[in-house]
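Here is the structure we will look at.
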Amino acid sequence: ENLLNITNLKTEVEGKEILKGLNLKINEGEIHVIMGPNGAGKSTLANTLMNHPKYNVVSGNIIFQGEEINDLKTDERAKRGLFLSFQYPEEISGITVENFLKSAKKSSGGSVLKHLKFDLDLKKNMKELKMDTSYAKRYLNVGFSGGEKKKNEILQMLTLEPKLAILDETDSGLDVDAVRTVSSGIKMFSNENNAVLIITHNTKILENLKPDYVHILVDGKIVKTGNGSLAREIEEKGYEDYKKTL
Ligand code: ADP
Ligand code: MG
Ligand code: MG
């Protein structure tokens with residue numbers, strides 16, 4: 001059984017069909033990459049998987065761990081182990097990074113009863129991500145630089161330990177060092193029991209990760225699937241060849 005099995009998914013946003021029959025299977029232990037031109041529907045796929053209210057499934061199925069989740073609410077999906085890192089993380093004044101993570105962990109079913117362990121893990125993960133541990137006491141993303149916001153998303157992923165982490169352009173707008181740090185955070189997270197779906201425009205983030213599959217998404221469909229070399233080919237040649245086949 002696949003961890004995630006998406007069949008013939010059609011999604012509309014504001015009355016417009018964006019995903020036009022998308023198929024995707026992800027198994028435990030795998031790292032998948034989705035690349036594609038702007039406006040292809042990459043974020044729409046990510047948002048549909050979390051059931052963002054603006055994105056409506058018209059037809060098709062989303063099966064997660066053997067269960068059809070088409071009608072599940074966002075928090076119910078999170079509880080089952082789906083996680084989305086946003087392209088544009090929000091600033092939330094009034095809640096600290098630490099308290100946000102604690103309550104997110106609790107509501108996703110994790111136990112934070114062992115506070116000492118939570119605190120230790122948090123410190124350890126922040127150090128790995130080269131984040132100043134004083135940020136734990138700061139309001140969520142408020143006054144954070146672009147890079148710090150993205151690292152904070154990776155920190156959430158490491159804390160929540162989802163079954164499937166979807167990262168929507170977590171590496172965009174980051175300097176080379178921050179990309180490397182984000183990349184090693186993903187490497188730290190990835191294991192035999194979980195999976196990662198990385199949406200990106202850059203191969204830099206993939207250098208130290210070994211993606212099992214690279215998918216090209218054009219006009220609401222996956223038009224090609226390959227391995228790591230497909231990502232390098234796209235970086236060199238762009239998407240023109242794939243657009244022509246439409
Ligand atoms: P990508 O992430 O591949 O660049 P998106 O999934 O963000 O593409 O967008 C695909 C199409 O859907 C675009 O034409 C975009 O304008 C439209 N779209 C996406 N989200 C919304 C939204 N919330 N409201 C209106 N249109 C949207
Ligand atoms: Mg996008
Ligand atoms: Mg919906």
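Coordinate-derived values only; no laboratory data. As the structure is a prediction and not an experimental result, all values here were calculated from the model. So basically every Cβ, Gly included, is an ideal-geometry build from the backbone, and we count neighbours across all protein chains shown.
Could you list I69, I31 so that the one with the fewest beta carbons within 10 Å of its beta carbon is first and the one with the most is last?
Numbers: I69 18, I31 22.
Arranged by neighbour count, lowest to highest, I69, I31 become I69, I31.
Quote the charge dipole size of the chain about the Cα centre in Debye, to the nearest 20; the model charges only the Cβ of Lys and Arg (+1) and of Asp and Glu (-1).
Once rounded to the nearest 20, the dipole reads 440 debye.
Please report the spacing between the Cα centers of region 174-246 and region 134-170 in Å, no decimals.
Rounded to whole Å, the Cα centres lie 20 Å apart.
Please list, in order along region 168-183, the HN-Hα scalar couplings obtained from phi with the Karplus expression 6.51 cos²θ - 1.76 cosθ + 1.60 (θ = phi - 60°), rounded to whole Hz, x for Gly and Pro.
Going residue by residue, I get 8, 6, 4, 8, 6, x, 9, 6, 4, 5, 5, 4, 4, 5, 4, 4 Hz, with x marking Gly and Pro.
Once label points are set 7 Å from the Cα along Cα→Cβ at both N23 and K123, what is their separation, rounded to one decimal in nm?
In this crude spin-label approximation the distance works out to 5.1 nm.
Which percent, nearest 5, of DSSP beta bridges in the chain are antiparallel?
Bridges in the chain are about 60 percent antiparallel.
Among R138, R77, which comes first, second and so on when ranked by fewest other beta-carbon atoms within 10 Å?
R138, R77
Over the chain, how many percent of alpha carbon pairs lie in each 10 Å bin up to the one with the longest distance?
For the chain, the pair-distance distribution reads 7, 31, 37, 20, 4, 0.
If eta is 1.567 mPa s and T is 4 °C, what Stokes-Einstein diffusion coefficient results for region 100-176, Kirkwood Rh from Cα pairs, in µm²/s?
98 µm²/s
Quick one: net charge around Q87, please, counting Lys, Arg +1 and Asp, Glu -1 for every other residue with C-beta under 14 Å from its C-beta.
Taking every other residue near Q87 into account, the sum is -2.
Hey, what angle do you get for helix 97-107 against the long axis of the chain, alpha-carbon based, 0 to 90 degrees rounded to 10?
70 degrees
Considering the Cα trace of region 9-140, what is its radius of gyration and what is Dmax, both in angstroms?
Spelled out, the Cα radius of gyration and Dmax of region 9-140 are 17.4, 49 Å.
What residues from region 2-34 fall in the zone where the backbone N is under 18 Å from a label point 7 Å along the Cα-to-C-beta line of D212?
It comes to 2-7, 23-34, nothing else.
Treat the count of other C-beta atoms within 10 Å as a stand-in for reagent exposure and order S43, S107 from fewest to most. Don't skip to the end; give the middle numbers.
Values: S43 21, S107 12.
Fewest to most other Cβ atoms nearby, the residues stand as S107, S43.
Could you calculate the contour length gain from K224 to K204, that is, 0.36 nm times the residue separation minus the distance between their Cα atoms, to one decimal place in nm? Intermediate values should be presented prior to the final figure.
Details: separation 20, 0.36 × 20 = 7.20 nm, distance 2.06 nm.
Contour length minus Cα-Cα distance gives 5.1 nm.
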